[in-house]
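Engineer: First the structure, then my questions, so here it is.
The values are calculated or read from the model by the stated rules, or taken from the named source; none is laboratory data. Fair warning: this is a prediction, and the values are worked out from it, not measured in the lab. Because the Cβ atoms are built from the backbone with ideal geometry, glycine has one as well, and the counts that use them run over all protein chains shown. Quick note on the areas: whole protein, heavy atoms, side chains included, nothing else; ligands and nucleic acids left out. Shrake-Rupley method; radii C 1.70, N 1.55, O 1.52, S 1.80 Å.
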Amino acid sequence: MKRVRKDLEKDNAGQVTLIPEEPEDMWHTYNLLQVGDSLRASTIRKVQTESSTGSVGSNRIRTTLTLCVEAIDFDSQACQLRVKGTNIQENEYVKMGAYHTIELEPNRQFTLAKKQWDSVVLERIEQACDPAWNADVAAVVMQEGLAHVCLVTPSMTLTRAKVEVNIPRKRKGNCSQHDRALERFYEQVVQAIQRHINFEVVKCVLVASPGFVREQFCDYMFQQAVKTDNKLLLENRSKFLQVHSSSGHKYALKEALCDPAVTSRLSDTKAAGEVKALDDFYKMLQHEPDRAFYGLKHVEKANEAMAIDTLLISDELFRHQDVATRARYVKLVDSVRENVGTVRIFSSLHVSGEQLGQLTGVAAILRFPVAELSDQEDESSSEED
């Protein structure tokens, strides 16, 4: 998705102009649109014309319309999006208030205006427009004194950092200068990894080099992580994969990506994180039911107790027609994040999203048991009996 323009006021009203570039961007667009929004886009309208002789004919004319959105239809198989609404801006071909259906398609610009852009919608735009969010592979291509930290997306490779340190040669009887410079180099590469790699998105980090540089670097990085109790690196240790490359230059990354061990590792899908989160929820529900809640009311109660560690929520809920209901889900997401909880928004197109939908679309894994809610449920059920 390409963002052309963004004009938002202090009260978060305003408009955003976007160009969807891939089929997946149509899914993002579907999730951005709501009934009551204003959509401006190029479209084709059948217009009746009367000639000087009085005969009536019809022509298909391309024009730009601004609609007040009333209905949204998305075909997930063909990735086609149809938006129906009434014309709200003067147009020489279409009367004010007349109905029209715009078909949004890839590589065609549209402008979407809302009275209130909430945090979930704004985050989706950032994710759709930032190539880093589509990059679930990262790579560190290195040799002594030179390293490139890259993000690999389906369509491009982005160099996020280049680290260069002059490393003196080893001298007989005195290797201290060489070792100090090498340690300084490794430390700068570790900092670049932490700064530029989003481990929530990235599922594999390739460390490629000639010789034994990659082994020495990984040993250094994880020894330091243990010493400093760096949870980010220690929790994601399994994502690092060492492979051979001819040099530390960016072009050598192609060799690393062709390695059979890498291709088999990357066959994993982006939805793997969602599948694991749902699996963790089911395990918790089975073994510690006081730490696994689902249903909006129960999850909200757990959030009031600041007990939510991971919130699992379906993107389908943010398409709710009722503004107040939608705002309730957005408030829950914002509150969990404020309380340093993790929020996983599931796609209803994925199998894991469908499973979550069967659990009301919202569930939570708690930091600690909240027994009061279970007790309240038992009391209410006994009262009903």
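Engineer: Within the chain, what is the longest stretch that has no trypsin sites (Lys or Arg not before Pro) placed in a DSSP loop and near at most 10 other beta-carbon atoms within 10 Å?
Structural biologist: After excluding every exposed loop site, the longest remaining stretch is 173-385.
Engineer: I'd like the chymotrypsin sites (Phe, Trp or Tyr not before Pro) in the range 145-216 restricted to DSSP loop residues with at most 11 other Cβ atoms within 10 Å, sorted by number. Provide the component values of the computation, followed by the final result.
Structural biologist: Working: sites: Phe185, Tyr186, Phe199, Phe212; in loops: Phe199, Phe212.
The qualifying sites are Phe212.
Engineer: Could you name the aspartates and glutamates in cross-link range of Lys162, using Cα to Cα under 18 Å and dropping any fewer than eight places away on the same chain?
Structural biologist: Excluding near neighbours in sequence, the set is Glu144, Glu183, Glu187.
Engineer: Taking 0.36 nm per residue of separation and subtracting the Cα-Cα distance, what length does fully extending Glu235 through Val35 add?
Structural biologist: 67.8 nm
Engineer: 222 nm [θ] for the chain, helices only, -39500 (n - 2.57) per DSSP H run of 4+, per residue, to 500?
Structural biologist: -11000 deg cm²/dmol
Engineer: Okay, next question. Normalised radius of gyration for the range 2-133, please: alpha carbon Rg relative to 2.2 N^0.38 Å, two decimal places.
Structural biologist: Relative to the rule-of-thumb radius for its length, the range 2-133 sits at 1.17.
Engineer: Which lysines does Lys10 reach when only Cα atoms under 25 Å apart count, and residues fewer than 8 places away in its own chain are ignored?
Structural biologist: Hits, sequence-local ones excluded: Lys2, Lys114, Lys115, Lys331.
Engineer: With a 1.4 Å probe and every protein chain kept in, tell me what percent of the accessible surface of the range 2-133 is carbon plus sulfur.
Structural biologist: Here carbon and sulfur together make up 43 percent of the probe-accessible area.
Engineer: Right, another one. Mind checking which of Leu317, Leu158, Leu232 has the largest fluctuation in a GNM of the chain, springs on alpha carbons under 10 Å?
Structural biologist: Leu232
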